[in-house]
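Just so it is clear, none of the values below were taken in a lab; they were calculated from the coordinates. In this text the structure is predicted, and so the values were computed from the model without any measurement. FYI the Cβ positions are ideal-geometry reconstructions off the backbone, even for glycines, and counts take in every protein chain you see.
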Amino acid sequence: MKKVNNHQFSPESLMMSYGYKPEWSEGAIKCPIFQTSTFVFKNAEEGKSFFELAYGLRAPAEDEKTGLIYSRLNNPDLEILENRLCLWDGAEACAVFESGMSAITTVLLEFLKPGDVLLYSMPVYGGTDHFINTFLPKIGIDAIGFRPEMDVGDISRLLASSGKADKLTMIYTETPANPTNTIVDIEMLVRLAKVYSTADQDVLVAVDNTYMGPLWQHPLKHGADIVIYSATKYIGGHSDVIAGAVLGNTETIKRVKTLRTFLGNMASPNTGWLLMRSLETLKVRMEKQALNAEKVASYLSSHPKVEKVYYLGLIHPDSPAYATYKRQYLSPGAMLSFDIIGGEKEAFTFLNNLKLIQLAVSLGSTESLAEHPASMTHAGIAEPHRIEMGITDKLIRLSIGVENHLDLIWDIEQALELV
């Protein structure tokens, strides 16, 4: 955090101005959109110096920063945004992408090679599952899925039975899981990674933190190496921008940014500007969403047409997951799912009769959204695999927004009455 006169500012205060100086842009109080492809050097010597740093030809001098060269490498909107995102997670560095999936795939492609094994928790987002199980095998990378309730011993036996434990290179988890809200103990995965690390290679732990946003869970503080976001969700928060972000230590993000440069999947200046705008209200939005979700979950948990509610705030204190929840999370969040009594027919009837809540995929925006994971976001997952993970035809996912909670409950109530 930034200190001024020995006062340490909170991230929500620094989101307004951190990393930007009005004198850079004719005194503009807000960072403008630097809509340019290239940047002019003061002289040839400066150009040479910038490229030396960009290509790692020499180490930077004390307090020397990489200069602006070309917007595929760096851009003021991206750099300021990345600096601000680091504040929430306590990260050393950040790389922003044009989509969440480009952030995920770039990380996997950078740190995995043919012959490696990826260990991942189930379920994960449908697009991630597809990439792991459909694309990675094409380039010789094996994936082994584990259930959230498994402990170190269970996972070790799973790896041993595969005969490929010595090839483990990365552990990837999405916690809470989309859409079941099952949680994975990050610190347990870090301990597991250390067991399988060697003198030549550390096993990395990557966490998709999209469901919790930068506010409610900080994986790096629990020992994770990489944090990934679909910044489209809570960070963007207005259903008007697609983006992704990856955070970690300087060396890790340097590798991620290098591959980003050559894949060309960096975020645009306009995307960077939109996300900077959204960061200013991130905390107030997310806090309101969490309050609304708590009230909606409470209502659903006692409704006679609802079989089960999947929401972190309803984890029973006697559950093995409760200790992890209390240690790892700062809030139950604003995502919940529930099993409606019946199946697809009843789920569709409910969804088709909502008046205020919008029937759409995505999450984390100001408006509340509802969807049917089995036939929508997770439709690409083979049915047996999907059912094993608890994504059945009766499951409905809700992303709670900032509306009046009484209106949200009224809408849910009247839709359930028609089932």
remark   = Note on the chain: contact order normalised by length, alpha-carbon pairs under 8 Å, 6 or more apart, percent, works out to 16
ask   = Going highest first, how would you order 398-407, 97-106, 190-199, 18-27 by mean Cβ packing within 10 Å?
value = 97-106, 398-407, 190-199, 18-27
Local electrostatic count, VAL152, Cβ distance below 13 Å [Lys/Arg +1, Asp/Glu -1] = -2
query = the stretch 42-80 to the stretch 190-268: how many Å between their Cα centroids?
reply = 23
message = Checking understanding here: applying a Kyte-Doolittle mean of at least -0.5 and a length along the axis of at least 24 Å (C-alpha), which whole DSSP H helices in the chain pass?
response = 282-301
inquiry  = Please list, ordered by chain and number, the residues whose modelled amide H lies under 5 Å from the amide H of SER368; skip anything fewer than 5 residues away on the same chain.
reply    = GLN358, GLY401, VAL402, GLU403
query = If you count, for each residue, the other Cβ atoms within 10 Å and average over each peptide, how do 136-146, 209-219 line up from highest to lowest?
reply = 209-219, 136-146
key: GNM flexibility winner over the chain from ALA382, ALA91, ALA54 (Cα, springs under 10 Å)   = ALA382
message = Less than 14 Å Cβ to Cβ from ILE186, Lys/Arg counted +1 and Asp/Glu -1: what total charge do the surrounding residues give?
response = -2
